[in-house]
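Comments concern the structure below.
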Amino acid sequence: MPKLATLLLLLALAPLSMAQVDAPDDDPWGEDAWDDWEDEGSAAAPWTGFVEAGAGGRLRDDPALDGNVTLEEFRWRIEREWQPGRFTLSLRGDLGYDGVTSEFIADVRELAVAFRAGDKTDIKAGRQVQTWGVGDLLFLNDLFPKDYPSFFSGRDDEYLKAPSNAVRVTHYADIVNVDFVWTPVFEPDAYLTGERFSFFSPLAGGNVAPDPPLDAIEPDKDFGNGEFAVRLFRSVGGTEYAAYLYRGYFKQPTALTASFEPTFAPLSAYGASLRRPVGPGLLSAEFAWYDSRDDGDGTDPLVPNSQIRFLAGYEWEAIPNLTVGLQYYVERIADHENLVENSPFPSLEPDEIRHLLTNRLTWRLSRDRYTLSLFTFWSPSDEDFYLRPSFRFRRDDHWEFVAGGNLFGGDAPQTFFSQLQDGSNVYLRIRYNY
């Protein structure tokens with residue numbers, strides 16, 4: 001990791017840089033530039049954020065990739081809110097440099113305006129991160145974009161949820177509350193492209209890392225191919241109930257065109273969830289039906305089949321400061337027999353039923369200055385696993401150090417976690433919050 005020393009030096013200089021940014025004397029775009037606006041009745045929070053350096057590398061060589069670096073970056077986070085009148089304007093974004101891709105980072109995670117329309121309706125429009133559902137790192141009805149390469153490389157868990165340009169309307173009523181999210185242009189997940197991690201290709205019969213990186217064909221960027229998501233939710237007697245509807249596309253490029261180019265298949269999803277206190281902890285359950293609109297009978301080998309997905313989880317504090325979370329997840333492929341009969345690679349098709357067990361252990365010590373965490377994924381049907389150990393040290397309100405790993409393994413090369421075993425890595429992040 002040759003650039004780690006440079007990154008850490010930049011981080012060490014960050015507090016001085018922040019002091020220079022905050023000085024208003026010779027900065028024409030500092031606080032004084034906003035005085036007139038704020039004097040007219042708006043309220044602005046101070047600039048906040050962090051600077052962070054991160055580095056990480058593989059534990060073994062990946063034959064499909066040159067080099068073993070999986071994380072090598074410097075980030076400067078900028079956050080602020082303004083409240084002119086009844087509107088709230090929010091900004092949250094990152095600037096920096098990614099040494100793995102040799103690209104500058106300019107990531108706007110939030111740039112949105114929020115306001116109330118009447119007494120019972122909230123509206124938020126612009127770039128924002130969306131989330132709902134009850135799963136812990138398992139997403140059934142949460143079909144908003146995710147960034148899996150960031151998650152697997154050791155960035156903060158925040159970066160698993162990717163932003164999108166959307167309008168969200170929340171209406172509160174006596175019978176049931178309603179969330180409606182419209183994403184005018186389809187926003188896929190950030191998927192494996194071969195740039196940071198190799199991935200299994202049935203056409204190649206093994207892992208590949210294409211150059212240039214994989215770039216799946218997306219639906220035309222027009223309103224007719226946008227996404228709609230609805231959540232109906234209400235709490236009754238301490239139990240949180242929700243029902244979900246989604247119309248858009250599979251978030252991963254799991255379909256192929258006639259010329260075998262990866263693309264995104266149309267998807268409609270319907271589901272429900274509940275969460276309630278039981279005994280010393282919280283019990284949660286979630287269900288989803290994925291309707292693959294272009295493959296109703298499962299006979300098209302180029303389009304993913306419909307699926308039923310179910311999740312049950314329980315979280316509690318086993319002893320003081322030690323939290324345990326367990327989840328059982330199962331998905332069943334509809335018309336699996338038709339899938340196998342029509343597949344050009346029947347031996348590589350997944351089992352009809354996939355089981356997955358997760359376990360989260362979180363131990364907080366010395367008034368939360370130290371946090372030890374382990375999250376495990378294990379699939380007894382796929383016979384693969386994914387382990388996420390981490391150690392976090394919070395020195396004070398400003399400095400924070402995180403070390404951890406992403407460890408993959410399995411027997412069959414085509415399963416999701418097994419394909420990533422050459423990408424197993426360890427990482428270190430140092431952050432200064434201002």
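Relative to the Cα centre, the charge distribution of segment 124-179, modelled as +1 at Lys and Arg Cβ and -1 at Asp and Glu Cβ, gives a dipole magnitude of about 260 debye. Fully extending the segment from Trp47 to Ile105, taken as 0.36 nm per residue of separation minus the present Cα-Cα distance, adds 18.9 nm. For the chain, the residue among Ser366, Ser102, Gln83 whose Cα projects farthest onto the positive side of the dipole built from Cβ charges is Ser366. The trypsin sites (Lys or Arg not before Pro) of segment 59-126 that DSSP puts in a loop, and whose beta carbon has at most 14 other beta carbons within 10 Å, are Arg60, Arg86, Lys120. Distance from the Cα centre of segment 75-100 to that of segment 420-434, in angstrom? Each part's Cα centre sits 23 Å from the other's.
In the neighborhood of Thr48, defined by Cβ-to-Cβ distances under 9 Å, what is the net charge if each Lys or Arg adds +1 and each Asp or Glu adds -1? Residues near Thr48 contribute +1 overall.
Label positions at Phe391 and Leu274, each projected 7 Å from the Cα along the C-beta direction, are separated by 4.3 nm.
Largest first, the extents of the alpha carbon coordinates of the chain on the three principal axes equal 73, 58, 51 Å.
Given Leu256, Tyr270, Gln327, which one lies farthest toward the positive end of the charge dipole of segment 249-362, if we put +1 on the Cβ of every Lys and Arg and -1 on the Cβ of every Asp and Glu? Working it through, the farthest residue towards the positive pole turns out to be Gln327.
Neighbours of Asp174 by Cβ distance under 13 Å: Lys/Arg scored +1, Asp/Glu scored -1, total +1. A simple rule links phi to the HN-Hα coupling: the Karplus curve 6.51 cos²θ - 1.76 cosθ + 1.60 with θ = phi - 60°, which for segment 233-249 gives 9, 6, 10, 9, x, x, 9, 8, 10, 8, 10, 10, 9, 9, 9, x, 9 Hz, with x for Gly and Pro.
In the chain, the sites counted are GluC sites (Glu not before Pro) in DSSP loop states with at most 15 other Cβ atoms within 10 Å, and the longest stretch holding none of them, exclusive of the sites, is 41-382. Computed from point charges on the beta carbon alone (+1 for Lys and Arg, -1 for Asp and Glu), the dipole magnitude for segment 4-433 about its Cα centre is near 1460 Debye. Neighbour counts of other Cβ atoms within 10 Å put Val51, Val303 in the fewest-to-most order Val303, Val51. With a simple spin-label model that places each label point 7 Å from the Cα along the Cα-to-Cβ direction, the separation between Ser235 and Asp61 comes to 5.7 nm. By the beta-carbon count within 10 Å of each Cβ, the least crowded to most crowded order of Asp215, Asp174, fewest first, is Asp174, Asp215. Cβ-Cβ distance of Phe115 and Phe260, R₀ of 45 Å, FRET efficiency by 1/(1 + (r/R0)^6): the value works out to about 0.40. Rounded to the nearest 0.05, the FRET efficiency derived from the C-beta distance between Asp156 and Phe310 at R0 = 35 Å is 0.75. If r is the Cβ-Cβ distance from Ala243 to Thr299 and R0 is 30 Å, what FRET efficiency results, to the nearest 0.05? Computed FRET efficiency for Ala243 and Thr299 comes out at 0.50.
We did not get these values from a lab; they are worked out from the coordinates using the rules stated. Computed from a predicted model, the values in this text were never measured in an experiment. Methodologically, a virtual Cβ is constructed for each residue, glycine included, from the backbone with ideal geometry; neighbour enumeration extends over all protein chains shown.
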